[in-house]
1. Kindly indicate which of LEU19, LEU13 is at pLDDT below 85, assigned to a helix (DSSP H, G or I) and either under 22 Å from LYS123 (Cβ atoms) or open to solvent by 50 Å² or more (accessible area, probe 1.4 Å) (or both).
2. Residues that are open to solvent by 80 Å² or more (accessible area, probe 1.4 Å) and at pLDDT 90 or above: does the stretch 76-90 have at least one?
3. May I ask you to list the residues in the stretch 76-86 that are without any contact (Cβ under 8 Å) to a residue 40 or more places away in the chain and either assigned to a strand (DSSP E or B) or closer than 22 Å to ASP37 by Cβ (or both)?
Amino acid sequence: LQSLQSLQSLQSLQSLQSLQSLQSLHGDYAEVKIPEDAVIYCDPPYKGTNCDMYAGFNSERFYEWARRQDNIYISEYSMPDDFIVVAEREKVVLSAAGGNSLKATERIYTNRRTYEHMSDSRKRLITMESAEQLTLF
């Protein structure tokens with residue numbers, strides 16, 4: 001189900017007219033060569049969730065890497081205080097233990113470095129666009 005949801009999310013992103021090209025890269029995120037003008041969207045394993053598929057993912061290592069990137073956006077439930085929320089929405093999580101569902105707030109974060117380089121109008125625009133993207137997923 002998660003793979004299908006990821007594929008649907010990717011297809012939604014690819015269909016957006018505002019994106020001229022979308023490149024999906026695989027491997028260790030710290031070793032990927034990112035072009036200077038790239039927009040980085042990360043959907044790491046959510047910290048504190050129990051998913052054996054991603055056992056061993058080091059969230060702290062990821063945060064350190066993410067702090068050094070330009071133009072980065074990260075989907076997560078919560079992140080350290082130095083990351084800034086640019087969009088959020090409440091959703092129902094169907095994969096809760098025991099088949100139960102629960103509500104969670106999914107957020108899009110950026111690092112302080114990216115946020116401080118944005119104009120006020122860009123901050124408003126990115127918040128609106130990110131909120132729209134969250135509704136697609």
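The values are calculated or read from the model by the stated rules, or taken from the named source; none is laboratory data. Predicted model only: the values in this text are computed from it and were never measured. Here the Cβ is made from the backbone with ideal geometry for all residues, glycine too, and neighbour counts use every protein chain on show. Calculation scope for accessible area: heavy atoms of the full protein, side chains included, ligands and nucleic acids excluded. Shrake-Rupley method; radii C 1.70, N 1.55, O 1.52, S 1.80 Å.
1. On the way: LEU19 fails: assigned to a helix (DSSP H, G or I).
From the options LEU19, LEU13, the qualifying one is LEU13.
2. Of the residues in the stretch 76-90, the ones open to solvent by 80 Å² or more (accessible area, probe 1.4 Å) are 81, 88, 90.
Those left that are additionally at pLDDT 90 or above: 81.
Looking for residues that are open to solvent by 80 Å² or more (accessible area, probe 1.4 Å) and at pLDDT 90 or above, one finds at least one in the stretch 76-90, hence yes.
3. Restricting attention to the stretch 76-86, the residues satisfying the condition of being without any contact (Cβ under 8 Å) to a residue 40 or more places away in the chain are 76-85.
Correct list: GLU76, PHE83, ILE84, VAL85.
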